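Heads up, the thing below is written out as structure tokens.
Just so it is clear, none of the values below were taken in a lab; they were calculated from the coordinates. Everything numeric in this text was worked out from a predicted model, so none of it was measured. Please note: Cβ atoms are built from the backbone with ideal geometry, for glycine as well, and neighbour counts cover all protein chains shown.
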Amino acid sequence: MGRGVLLRYRDFLPLTAATPMITLGEGDTPLVRSVWLERELGCGALYFKLEGCNPTGSFKDRGMVVAVAKAVEERSKSIICASTGNTSASAAAFGARFGLEVIVVVPSGKIAMGKLAQAITYGARIVAIQGNFDQALQIVRNLAEKHPVTLVNSVNPYRLEGQKTAAFEIVDELGDAPDYLFIPVGNAGNITAYWKGFVEYRWAGKASQTPKMMGFQAAGAAPIVRGKVVEKPRTVATAIRIGKPASWQGAVKARDESGGVIDCVSDEEIIAAYKLLARREGVFGEPASAASVAGLIKMAKQGLDLRGKRAVCIITGSGLKDPSFSKKFAESLTEVSPELEAVERVLGWR
Ligand code: AN7
């Protein structure tokens, strides 16, 4: 434990003798049992996997450590990605640590403040386009074809190889795969990677089953649910504001092979789940992460029978990434003079 993803899961990763065994302490994230929602929904056992506990605050570090290790192995000097925020933060951190130039292309005005602060402080070169993530991804794909720079979006297969290790951790901790896995879907790399991980672990004899994969897009950015590209994706969950997912086929395969579903949740459902998670469970995930929990609640309301079942919700990123989002709910921020009585009065204790 605490050795990083490359060392811990080396037998399942495409490493060679020349791959540098780099780490920033990613992986080995907490799998925390629910204290409220599990009972509320009548679920056998419900867990939250806290991917916000990774070094840059999201699951992206698992894939980025592999992509950057391979880039270093291949003597690349420069990496590039498009991002709704978390990929850029992760690329910036690993790139800084291992001496690479990092270029990130982001949708202007649509990335959470904490993520932008990370890219800036880690020293990435940042280009904000007056467009969305899908356009940014197309541009970096073209740039990586024309120039000597390694693309580290999840179209780089090493990213998904690293991200599948989260599935391994869940099985290692629970002793088998859960019955259901609830996960937000944006560019659809993560659901693809988890499915790969669960399938590989079953083949290796480490699990007796695979979970039903339950993926959730935001209603205003739900191309897989609607069956067509969304030209102008809209959602408060900026991390999953994506209209043309790169791993679309991977997500469909995960759904169909596992017997799961890909559905969507409204911004209202995302916000309700975001608050519930923090206020009932003590878990502060970012808005996109709450889509997994919103999806679980939606399915349970529609009659999904969770009795005797084990379910895991992936909390993909930390709530601290997007502090301005929380400020919208600051109904109880009251200012008073610095006196005992004034504070007692406002608390209703006087
Ligand atoms: C917190 O950083 O696409 O379905 O550019 O940041 O694998 O895309 C982030 C995606 C879920 C969706 N939760 O995962 C990016 C980016 C959080 C995220 C997703 C993202 P994918």
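Can you give the calculated 222 nm mean residue ellipticity of the chain, where each DSSP H run of n ≥ 4 adds -39,500 (n - 2.57) and the sum is split over every residue, rounded to the nearest 500 deg cm²/dmol?
Helix contribution divided over all residues of the chain: -12500 deg cm²/dmol.
Which residue, 315, 32, 197, has the largest displacement toward the positive end of the dipole of the chain when charges sit on each Cβ (Lys, Arg +1; Asp, Glu -1)?
Toward the positive end, the furthest listed residue is 197.
Please report, in debye to the nearest 20, how large the charge dipole of the chain is about its Cα centre when each Lys and Arg carries +1 at its beta carbon and each Asp and Glu carries -1 there.
The dipole of the chain has a size of about 620 debye.
Assigning unit charges at the beta carbon (Lys, Arg +1; Asp, Glu -1) and nothing else, what dipole magnitude in debye, to the nearest 20, does the range 137-213 show about its Cα centre?
340
Determine, from the Cβ-Cβ distance of residue 141 and residue 120 and an R0 of 22 Å, the FRET efficiency 1/(1 + (r/R0)^6), rounded to the nearest 0.05.
0.35
When DSSP assigns beta bridges and you keep just the ones with both residues in the chain, what percent turn out antiparallel, to the nearest 5?
Of the beta bridges lying entirely in the chain, close to 15 percent run antiparallel.
Around residue 187, under 12 Å between beta carbons, what's the net of Lys plus Arg minus Asp minus Glu among the other residues?
Here the charged neighbours net out to +3.
Could you pull out every residue, at least 5 positions away or on a different chain, whose amide H is within less than 5 Å of the one on residue 47? Hs are placed 1.01 Å off N in the peptide plane, and Pro or chain starts have none.
34, 311, 312, 313
Stretched out fully, how many nm does the piece from residue 202 to residue 226 gain, at 0.36 nm a residue minus the Cα gap?
5.5 nm
I'd like the distance between the alpha-carbon centres of the range 165-226 and the range 1-75, rounded to an integer number of Å.
First find each Cα centre; the distance between them is then 13 Å.
Considering only C-alpha atoms, what is the centroid distance from the range 276-306 to the range 312-350, in Å?
22
What are the residues whose amide H is under 5 Å from the amide H of residue 264, where those residues sit 5 or more places off or on another chain and H is modelled from the backbone?
Amide H neighbours of residue 264, under 5 Å, 5+ apart: 217.
Choose one answer from 200, 257, 339: the residue with the largest mean-square fluctuation in a GNM of the chain with alpha-carbon springs under 10 Å.
Largest GNM mean-square fluctuation: 339.
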